[in-house]
Amino acid sequence: MSKPLQAFIFDLDGVITDTAEYHYLAWKKLGEELGIPFTREFNEELKGVSRMDSLEKILTLGNRQNDFSQDEKEALATKKNEHYVQLIANITPKDILPGIKELLAEVKAAGYKLGLASVSKNAFAVMESLELKSEFDVIVDAATIVRGKPDPEIFLTAAKLLNVDANACIGIEDAAAGVDSIKDAGMFAVGVGSAETLAKADLVYPSTDKLSFGEIVKMHQEK
Ligand code: B16
Ligand code: MG
C-alpha cells in the first residue's frame, strides 16, 4: 500500500505546456543543419533528456559522435538552445495545456503539495512566462541536480524539498525517460501520451485534458 498521498510533482515540457514540440523543432533544425534528419519517433528518445545527452543521441544517430571536440559540441548545443529560446519567446499563460489549470487548482484545494521536476535550463523562464512560478511549493531544475532523467534524482530531490516520502507522491510525465525516473524514485507514475511509449507508467492518459484528479488519487490509494 502507498502512504497517504501528500504531493503531486509535475514535469514541465510536454505536461504543463507544449514546449516539447518546440524542443523537437529546435533539434530538428540543428539536425538538418548537420545533415542528420530524424523522425518524431526518434524524438521520443530525446524527450525529458538533458541538452547535452540529447545532442549525443542525435550525433550517434548520424554516426558523427566522434566528429566534434567538446567545445564544438557545446557550440552545437548552444545553437539548438538559441533556436529554442526564439520559439519560446512569446509564451503566455494561454499556452498552458488544456486541463492543467483545473488539475493544479484541484491539487491545491485538496491540500496536497505541488512540485515541478524539469531538467530544462529554461524551466524558470518558461514558468515565469506562464505565470505559474508562485503556484508551486518547489521547483527543481537542471541547476539543482547532477543526474538528469531517467535517473530518479530529480523526483527524489523534489520529494525531499517538499519534505514528503516518495511513495506519498504522484509524478506526471510525457516522456519515457521521465516515467523511468518517477518509478525508480518509488513514486506512482501518471503518463500523458502514448500508452505504448509510456508502458511503465501506472496510469496513462492520451492528453492533458483527459487527466482526472479523482481517478489519479483513487488509483494511487489502491496501489
Ligand atoms: P534545455 P522536462 C526537458 O524538460 C525536455 O523534455 C528535453 O527535451 C530537453 O532537452 C531538456 O528539458 C533540457 O532542456 O535545453 O532547455 O535545458 O521535460 O524535464 O521539463
Ligand atoms: Mg517532458
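Quote to one decimal, in nm, the extra length available between Ala143 and Thr78 on full extension: 0.36 nm per residue of separation minus the C-alpha distance between them.
On the way: separation 65, 0.36 × 65 = 23.40 nm, distance 1.65 nm.
So the extension gain works out to 21.7 nm.
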At Ala199 and Glu135, where each label point lies 7 Å from the Cα along Cα→Cβ, what is the point-to-point distance in nanometres? 3.3
Where Rh denotes the Kirkwood radius from the mean inverse Cα pair distance, what is Rg over Rh for the stretch 20-88? 0.92
Between Lys29 and Gln70, what FRET efficiency follows from the Cβ-Cβ distance if R0 is 25 Å, with the result rounded to 0.05? 0.65
If you add up the charges near Gly35, with Lys and Arg at +1 and Asp and Glu at -1, over every other residue whose beta carbon is less than 13 angstrom from its beta carbon, what do you get? 0
The stretch 61-190: Cα Rg divided by the 2.2 N^0.38 Å rule of thumb: 1.19
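Hey, if we sort Leu116, Leu97 by accessible area with the 1.4 Å probe, largest down, what's the order? Could you put the intermediate results ahead of the total?
Values: Leu116 0, Leu97 40 Å².
The ranking, largest first, comes out as Leu97, Leu116.
Between Asp209 and Ala109, what is 0.36 nm times their sequence separation minus the Cα-Cα distance? Round to one decimal in nm.
On the way: separation 100, 0.36 × 100 = 36.00 nm, distance 1.88 nm.
Here the answer is 34.1 nm.
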Using alpha-carbon coordinates, inclination of helix 70-87 to the longest axis of the chain, degrees: 60
Quickly work out the Asn63-to-Lys101 label distance, labels modelled 7 Å from Cα along the C-beta direction, and quote it in nm with one decimal. 5.1
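In whole angstrom, how long is each semi-axis of the equivalent ellipsoid of the chain, when you take the square root of 5 times every eigenvalue of its Cα gyration tensor and sort them from largest down? The partial results should precede the final answer.
Numbers: eigenvalues 181, 63, 51 Å².
Equivalent ellipsoid semi-axes, largest first: 30, 18, 16 Å.
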Taking the Cα centroid of the stretch 38-65 and of the stretch 87-140, what is the distance between the two, rounded to the nearest whole Å? 26
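What's the local net charge at Asp141, with K and R +1, D and E -1, over the other residues with C-beta under 14 Å away?
Details: positive: Arg51, Lys121, Lys133, Arg147, Lys149; negative: Asp11, Asp13, Glu128, Glu153.
Value of the local net charge: +1.
The values are calculated or read from the model by the stated rules, or taken from the named source; none is laboratory data. All of these numbers come straight from a predicted model, not from anything done at the bench. All Cβ positions, even for glycine, are placed from backbone atoms using ideal geometry, and neighbour counts span all protein chains on display. What goes into the accessible areas is simple: the full protein's heavy atoms, side chains included, and nothing from ligands, DNA or RNA. Shrake-Rupley method; radii C 1.70, N 1.55, O 1.52, S 1.80 Å.
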